[in-house]
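Q: I have a structure here, written as structure tokens, and I will follow up with some questions on it.
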Amino acid sequence: MLSCKDASHLQSHAYERPLSARELIGLKLHLLICKGCRGFAQQLNLIHLACRRIDESKGVGADDPGLPPDTKTRILKELASKQDENP
Amino acid sequence: MTTPSPHCDPAAWLTEHGDYLYRYALLKLRDEAAAEDMVQETLLAALSAWARFSGQSSVRTWLTGILKHKILDLFRARAKEPQYTPASADPAAELAALEQALFDATGHWISPPQKWADPEACLDQQRFWEAFTHCLEGLAPLHAQVFHLREMEGCDTAEICKELDITSTNCWVILHRARLGLQQCLKTNFEYNVND
């Protein structure tokens, strides 16, 4: 029987590669009897989902500060000089 | 569906999309100066690549795609800098040290993770995102790089190993260490409450 530590390794592996049939059966059997590892599985999945959604959920909010005006001016100059180089 | 604008107008890109690109870069980099540089590099690259813009996507999507590549390049360059090299030369020993605190001698949880009724509901809670961001920031730099490339950018592990010059075993160990660390950090910093 797998230990919880072994099961945690397999759960993490599963995010990188498909588990072998043997690994998968071992993990499923362990999860059937182990509430702690079912909790761990849930939380790994939550972490995985949160990573996928972090851009939308946290991020790119229209209220956050934008580019500072000085930087905009600087970038405009850079763009203009590049355009002059290659008209 | 948008059609490509007939003119190549970088000043308009800056006006219309500059703030968005900056916020996007800042979110990934958490470094204002680096985010500003990324926006500038993105627009300069876009200017060179304009002829290849197909108009299949919106200008914003196209610019964001360029920005993503620029950010990845920066991550790769940073990974080679000394301050981002592993704190410990032996990620396996580092994982073992954490596991020693979490599992007993027979490999069972000392304090088993609790099962939550509806974990996905957390994704709608501001408190969760605050804790999650805090925990991400707590990852060691190399762990954060590897984890970011894998989970946020969806790079495959072979690509990450090659870019960061680490073995595939170490790559896996680092990813698992990062997940275990995040799970433990959330346990400490986020109180699951379904009624929130």
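The values are calculated or read from the model by the stated rules, or taken from the named source; none is laboratory data. Note that the structure is predicted; figures quoted are calculated from it, not measured. Cβ coordinates were reconstructed from backbone atoms using ideal geometry, including for glycine residues, and neighbour counts include every protein chain displayed.
Q: I'm checking my understanding of the structure. Among residues of segment B:12-35 that are surrounded by fewer than 22 Cβ atoms within 10 Å (Cβ to Cβ) and charged (D, E, K, R), which one is farthest from the chain's Cα centre (by Cα)?
A: B:16
Q: Does segment A:35-43 contain at least one residue that is at pLDDT 95 or above, surrounded by fewer than 15 Cβ atoms within 10 Å (Cβ to Cβ) and in contact with a helix residue (DSSP H, G or I) (Cβ under 9 Å, 6 or more places away or on another chain)?
A: No; the residues of segment A:35-43 include none that is at pLDDT 95 or above, surrounded by fewer than 15 Cβ atoms within 10 Å (Cβ to Cβ) and in contact with a helix residue (DSSP H, G or I) (Cβ under 9 Å, 6 or more places away or on another chain).
Q: Restricting to segment B:36-81, and then to whatever is away from chain A (no Cβ under 13 Å) and of a type in the set (Gly, Ala, Ser), can you tell me which residue is surrounded by the fewest Cβ atoms within 10 Å (Cβ to Cβ)?
A: My answer is B:54.
Q: Across segment B:143-196, which residue is surrounded by the most Cβ atoms within 10 Å (Cβ to Cβ) among those that are more than 15 Å from the chain's Cα centre (by Cα) and among the aromatic types (Phe, Trp, Tyr)?
A: By that ranking, first place goes to B:172.
Q: Please find, among B:64, B:3, the residue that is out of contact with any strand residue (DSSP E or B) (no Cβ under 9 Å at 6 or more places or on another chain) and either modelled with pLDDT of 90 or more or part of a helix (DSSP H, G or I) (or both). Spell out the reasoning first.
A: On the way: B:3 fails: either modelled with pLDDT of 90 or more or part of a helix (DSSP H, G or I) (or both).
Of the residues listed, the single one that is out of contact with any strand residue (DSSP E or B) (no Cβ under 9 Å at 6 or more places or on another chain) and either modelled with pLDDT of 90 or more or part of a helix (DSSP H, G or I) (or both) is B:64.
Let's see how each residue does on (1) modelled with pLDDT of 90 or more; (2) on the phi < 0 side of the Ramachandran plot; (3) out of contact with any Phe, Trp or Tyr (no Cβ under 6 Å at 6 or more places or on another chain):
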site	(1), (2), (3)
B:117	no, yes, yes
B:124	no, yes, yes
B:133	no, yes, yes
B:147	yes, yes, yes
B:150	yes, yes, yes
B:166	no, yes, yes
B:171	yes, yes, yes
B:178	yes, yes, no
B:182	yes, yes, yes
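Q: Right, here's the next one. Scan segment A:26-37 for residues that are over 17 Å from residue B:112 (Cα atoms) and touching a Leu at 6+ places or on another chain (Cβ under 9 Å) and jot them down.
A: If the condition is that a residue be over 17 Å from residue B:112 (Cα atoms) and touching a Leu at 6+ places or on another chain (Cβ under 9 Å), then A:26, A:29 are the ones that fit.
Q: Another question, then. Quick one: which helices (runs of 4 or more DSSP H) sit completely within segment B:91-196 and have at least 3 residues that are within 10 Å of chain A (Cβ to nearest Cβ), touching a residue at least 24 places away in the same chain (Cβ under 8 Å) and under 15 Å from residue A:39 (Cβ atoms)?
A: On the way: elements: B:91-102, B:126-137, B:141-147, B:157-164, B:168-189.
Per the criteria, B:168-189.
Q: Still on this structure, I have one more. So if I check each of A:67, A:27, A:31, which one is at pLDDT below 95, crowded, with 16+ Cβ neighbours inside 10 Å and over 21 Å from the mean Cα position of the chain (by Cα)?
A: Numbers: A:27 fails: at pLDDT below 95; A:31 fails: at pLDDT below 95.
Selected residue: A:67, the only one of A:67, A:27, A:31 that is at pLDDT below 95, crowded, with 16+ Cβ neighbours inside 10 Å and over 21 Å from the mean Cα position of the chain (by Cα).
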